[in-house]
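I have placed the structure first, in the form of structure tokens, so that the comments after it can refer back to it.
The values are calculated or read from the model by the stated rules, or taken from the named source; none is laboratory data. On a predicted model such as this, the values are computed, not experimentally measured, just so you know. Please note: Cβ atoms are built from the backbone with ideal geometry, for glycine as well, and neighbour counts cover all protein chains shown.
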Amino acid sequence: MSTRPNRRQFLALGGLAAAAVTLPVTLPATSASADALDGDPIPFAGDPWHRADRVVRSVRRPRIPARSVAVTDFGAVGDGVTDATGAFRDAIAWLTERGGGRVVVPAGDYLTGAIHLESRIDLHVAEGATLLFSTDPAAYLPVVPTRDGGIECMNYSPFIYAHGKHDVAITGTGVLDGQADDAHWWPWAGKKNHGWVPGMPTASAAVARLEAMVDAGVPVAERVMGEGSYIRPSLIETNGCERVLISGVTVHRTPNWQIHPVLCTDVTVENVVASSHGPNNDGCDPESCRRVLIQGCTFDTGDDCIAIKAGKNTDGRRVNVPTEDVVIQDCTFLMGHGGITIGSEMTGGVRGLYARDCVIESTELNQGVRLKTNSLRGGFIEDVHVKNVTMTNVADSVLLVDFTYGEGEGHGFNPVVRNISLENVTVGTAKYPVYAAGYDDDHISGITLRNVRVDKASAQSVFRNCDDVTFQDVVVNGAQVTAP
């Protein structure tokens, strides 16, 4: 079968008629300058929500040429059995030769291996379409540059992957099904509740080997994992990309993290359903990124719902790129460990996180706002602001600032954590309204709660080694409480 559409097929898709027209794949809500944050950072003084508004206006969307082809024109069959990997590759290559465009996946079930996006490509998964990703690890070889747990290496390709590209998009209302389960991918985490039994391989030895390579200064290109490492890839990773859009799709049954933008500028994740309950199945983990907008999404996860990251330990200090200017708005959080999380891989630092108008409906979420770090991570977390959030129930803390996560203290790289605020937050039940504990030689600085209500808390807030704690109109168990 031909690997390119004939003229009649292409004309039917409108490709030639629009081949010279380039439009945003999704129009921004405002025409404000796209370069507003490209120069000096906006000062953090003043109202943080004014800055959040500026970040939203400044996130640039990808611009994709208005030409389309269907992956079925390149031999894909939506029967859930025929391997469509080559059809996706050929469709992307055909459009790339002509300056880019949209690869449409029509209704049906499409079995595939790794899909690698190029610049100015939109992978559009239409209503009724499901991408069924192969459970054979060989379908994600050869290895590619990626990050695992905040460390750069060469590993299995993420299922949908772009490296060093610009103007890339994944859109539509279809499903991205990683087909991971207790028989495929998840046992590699070494957890008995996810299919692992003693004697089965896990990633632990490879992770230790990778960390030793980092400490020894081995170049990234020589940190080869892949086959035999049992290090699970993410489902979606955009690595070193500019202008990224992930919109409308449902992500399901992922091997590892669900959505992982790393070292990217201008990222929009909107109206996505991230639903996967395997080990380390974080919903969306922007890492070492600048200008990120996450809006209108639903998170139902096996780990943190959203986790903002910036590299880990020695490798994080080598790369030394923070995540900054992140806005999370109008999202719903169902099940997971932490709702809005920073860390623990945050060595490059996280600055300027704004979360507003969100609902946490879970009865099983551990923490509402979770900041986790330690003295091996180092780095900083500063200017984190949460506003207009309703939480039904959190098993542990409404706000957790945890310096004891993982390796704990005594490793010589104490983190800096400062300027954290919660405003207009209503909580049904929790254990602690706030649990924040710094080190004796490294205090947390600047925690503000304003108009916060916790209907039922089973324990009092804990503040250890915290400076400048401010309460304004904070009510717990029906009584006004003051700052310690």
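Give THR146, THR135, THR171 a once-over and let me know the one that is of a type in the set (Val, Ile, Thr), part of a strand (DSSP E or B) and under 15 Å from TYR230 (Cα atoms). Please lay out each step first, then the result.
Details: THR135 fails: part of a strand (DSSP E or B); THR171 fails: under 15 Å from TYR230 (Cα atoms).
Residue meeting the stated conditions: THR146.
Which condition number does ALA221 fail, the rest of (1) surrounded by fewer than 14 Cβ atoms within 10 Å (Cβ to Cβ); (2) touching a strand residue (DSSP E or B) at 6+ places or on another chain (Cβ under 9 Å); (3) at positive phi being met?
It is condition (3) that ALA221 fails.
Among the residues of the range 264-278, which ones are crowded, with 21+ Cβ neighbours inside 10 Å and more than 15 Å from ALA180 (Cα to Cα)? Before the answer, list the steps.
Residues of the range 264-278 crowded, with 21+ Cβ neighbours inside 10 Å: 264, 266-269, 272, 274-276, 278.
Hits for the range 264-278 are CYS264, ASP266, VAL267, THR268, VAL269, VAL272.
Mind listing whichever residues of the range 287-301 are more than 10 Å from THR265 (Cα to Cα) and of a type outside the set (Val, Ile, Thr)? Show your work before the answer.
In the first step, residues of the range 287-301 are kept if they are more than 10 Å from THR265 (Cα to Cα); the result is 287, 293-301.
Passing the criteria: GLU287, LEU293, GLN295, GLY296, CYS297, PHE299, ASP300.
Among the candidates GLU118, GLU127, which residue alone is assigned to a loop (DSSP other than H, G, I, E, B), within 19 Å of THR85 (Cα to Cα) and of a type in the set (D, E, K, R)?
Numbers: GLU127 fails: within 19 Å of THR85 (Cα to Cα).
On inspection, the qualifying residue turns out to be GLU118.
Looking at the range 458-479, I want the residues that are farther than 18 Å from HIS385 by Cβ and have a partner that is modelled with pLDDT under 95 and outside any strand (DSSP E or B) with Cβ atoms under 8 Å, at least 6 apart or on another chain. Which pairs are those?
SER461/PRO484; PHE463/PRO484
Residue-by-condition table, conditions (1) within 12 Å of the chain's Cα centre (by Cα); (2) at pLDDT 95 or above; (3) farther than 17 Å from ASN366 by Cα:
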residue	(1), (2), (3)
VAL244	no, yes, yes
SER247	no, yes, yes
VAL262	yes, yes, yes
VAL267	yes, yes, yes
VAL272	yes, yes, yes
PRO279	no, yes, no
LEU293	yes, yes, yes
ALA310	yes, yes, yes
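Give the range 120-164 a look and list any residue that's among the polar types (S, T, N, Q), out of contact with any Cys (no Cβ under 8 Å at 6 or more places or on another chain) and farther than 25 Å from VAL77 by Cα, or say none. Walk me through how you get there before you give the answer.
So the first thing to find is which residues in the range 120-164 are among the polar types (S, T, N, Q), and the list is 130, 134-135, 146, 155, 157.
Now narrow it down to the ones that are out of contact with any Cys (no Cβ under 8 Å at 6 or more places or on another chain): 130, 134-135, 155, 157.
Residue satisfying the conditions is ASN155 alone.
Do you know which of the residues in the range 64-115 that are among the acidic types (Asp, Glu) and in a strand (DSSP E or B) is surrounded by the most Cβ atoms within 10 Å (Cβ to Cβ)? Break it down into steps so the answer makes sense when it comes.
Within the range 64-115, the first condition is being among the acidic types (Asp, Glu), and the residues that meet it are 73, 79, 83, 90, 97, 109.
Checking the rest, the ones that are also in a strand (DSSP E or B) come to 79, 83, 109.
Numbers: ASP79: 11, ASP83: 15, ASP109: 18.
Of everything passing the filter in the range 64-115, ASP109 is surrounded by the most Cβ atoms within 10 Å (Cβ to Cβ).
Is it the case, given these coordinates, that SER421 is touching a helix residue (DSSP H, G or I) at 6+ places or on another chain (Cβ under 9 Å), outside any loop (DSSP other than H, G, I, E, B) and touching a residue at least 12 places away in the same chain (Cβ under 8 Å)? Talk me through it step by step, then tell me what you get.
On the way: touching a helix residue (DSSP H, G or I) at 6+ places or on another chain (Cβ under 9 Å): yes; outside any loop (DSSP other than H, G, I, E, B): yes; touching a residue at least 12 places away in the same chain (Cβ under 8 Å): yes.
When the stated conditions are applied, SER421 passes them.
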